[in-house]
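Read the structure below first, then the notes.
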Amino acid sequence: MPEPSKTAPTPNHQRIDDAALFRFGDTRASILAGYAPVDYGHERRMLRYAFLLIVALCRLGPNAVGFGAMVFGVAIAVGCDRRSPPRKPSADDRPEQSARSRQSPKQSPENAKETPEPPSHQIWTGAVQNVETSIQSFSSVKQCANQLSEKLPVELAEGLSDLGYAGFLHDVCVSLKAARDGDAALCDTLGVSRLRRSCQRRVAALKKEPGLCPDVGAGKGRDPLCLAWASRDERLCAAAASHEVPRCRAVLQGKAKLCRDARELDRRTCAALVARYAEAFDASPAPGEALPTTWVGDVVRQRPAARAERMSVHPAAVERGAYLASVNCQHRLRLGDEGVRSEAVVHLDIPVDTTRERPFEVPMGPGGAKIRVRFPDGAEFDEAGARGAITVQALEARRAGAVDVSIRGTLRSRSQTVRLRAQARTFVRDLEQHGTKCGSGG
């Protein structure tokens, strides 16, 4: 892949995929310029390191010999290609160490003082201005970018230039303009996909319009954190990723002390987000009542010449709620999420008519309810060899609406059989309305 251009991008410059800006041999450095209040999964660390564009060194693998320059910021966040196990550094990798220090595992006090400290992982170090003040002081993208440029430390400017993202300040100011004008379409002009999503989240939350929240992809609906903030409904925070739940609740309650439940490296960011957004989001100190989520039942796996194996199902099947998707003018109720290796994971995809009287039954199999069960050893079973049905006891087609389904079925794959008996109670975390071409059906 050719080296990214160092030329300052324009509003129509080529977009940068935050999954891979640079590629050197087998080594990738993912770049995230993070003017964003939230993050996703592993990429959360990229947000911090994009602003800490100095002092971070990443030792590249053997395929990148000859490239010894400093890689700023978030290159460390992806660990220089996570597909390969890290190589233990040899003595040759540390020319700055003396021969004496190589021979002895103990360092002298003098050497210990010279050991560089790891990055602080913190970017919120000073007073945090609330977002409404930022919006009120905004006049134009050009003036905003000029003001930020005047305050920009030379080290940070050099780092942004090295990353090939000289248009970062411009994108930050466009994002602020989108927030002021409530114009989510402006977010689409930003150069980094992560910035586009965060811009959309900010606009949706400030306008109280959940429909503007960015889609998370993979048929899972919109960003749960955005939905909770835009809906001003703390109960929906349960659908967010586990590391996002404390900040979700803290902002909506306006209580920085709730950030103590966050991971250590996230606590200062959480408190900063409370200072920046709680007032704009009409924070209410009263905690919302938790939505009921229960999974009662298990799966029994029968293998040839072996005793039946009974296994519990990971609660992620219900904890993060269900998504009511619109597919070819038909609603499909989807629930289930990735679990842990020690438990079975269940995914359901059920065609439903939201106008139909409850309860109603949906048969398993092709054309009916889709089901997938994955075991810790990697074995998977799906509806191709299924017999049984899913009964929809309750379904309220609205966010935070109740969902209650019972599952009774048998899945077969070659010589193995899986019996599933369970009752699942959860909530609708998001729903998609049918398009106008579909008419008024459910």
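Only the Cβ atoms of Lys and Arg (+1) and of Asp and Glu (-1) were treated as charged; on that basis the dipole of segment 294-438 about its Cα centre amounts to roughly 340 debye. Each of ARG232 and ALA290 was given a label point 7 Å from its Cα along the Cα-to-Cβ line. The distance between the two points is 2.5 nm. Think of segment 294-438 as having a plus end and a minus end, set by charges on the Cβ of Lys, Arg, Asp and Glu; of GLY365, VAL346, THR426, GLY365 sits farthest toward the positive end of this dipole. Database remark: amide H of GLN393 closer than 5 angstrom to the amide H of ASP404, VAL405, SER406 (H placed geometrically; neighbours at sequence offset of 5 or more, or on other chains; Pro and chain starts carry no H).
Sticking with the crude label model, points 7 Å out along Cα→Cβ, report the distance from LYS151 to SER134 in nm, one decimal please. Once both label points are built, they end up 1.0 nm from each other. Report, in whole Å, the centroid distance computed from the Cα atoms of segment 400-442 and segment 305-355. So the two Cα centres are separated by 7 Å.
Here the Karplus curve 6.51 cos²θ - 1.76 cosθ + 1.60, taken at θ = phi - 60°, turns the phi angles of segment 415-427 into couplings of 9, 9, 9, 10, 9, 10, 10, 7, 10, 10, 10, 8, 9 Hz, with x standing for Gly and Pro. Ordered by the count of other Cβ atoms within 10 Å of each Cβ, fewest first, ARG408, ARG320, ARG356 give ARG356, ARG408, ARG320.
Near ALA394: Cβ cut-off under 10 Å, other residues only, Lys/Arg at +1 and Asp/Glu at -1. The net charge is 0. A Förster distance of 41 Å, applied to the separation of the beta-carbon atoms of SER312 and GLU209, puts the FRET efficiency at 0.55. Here the average projected area of the convex hull drawn through the C-alpha atoms of segment 294-438 stands at 8.4 nm². Note that segment 236-244 has calculated 3J(HN,Hα) couplings of 6, 4, 4, 7, 6, 4, 4, 6, 9 Hz, one per residue in order, obtained from phi through the Karplus relation 6.51 cos²θ - 1.76 cosθ + 1.60 (θ = phi - 60°); glycine and proline are x.
Once both labels are positioned 7 Å from their Cα atoms along Cα-to-Cβ, the gap between LYS257 and CYS438 label points is 4.5 nm. For segment 305-380, a/c is not less than 1.5, where a ≥ b ≥ c are the root eigenvalues of the C-alpha gyration tensor, and a/b tops b/c. That puts it in the prolate class. Pairs over the 31 Å Cα-Cα cut-off, from the set LYS142/LYS255; LYS177/LYS437; LYS151/LYS177; LYS207/LYS370: LYS142/LYS255; LYS177/LYS437; LYS207/LYS370.
Computed from the coordinates by the stated procedures, all read-outs in this text should not be read as laboratory data. Keep in mind that this is a model prediction, so the values were computed, not measured. So basically every Cβ, Gly included, is an ideal-geometry build from the backbone, and we count neighbours across all protein chains shown.
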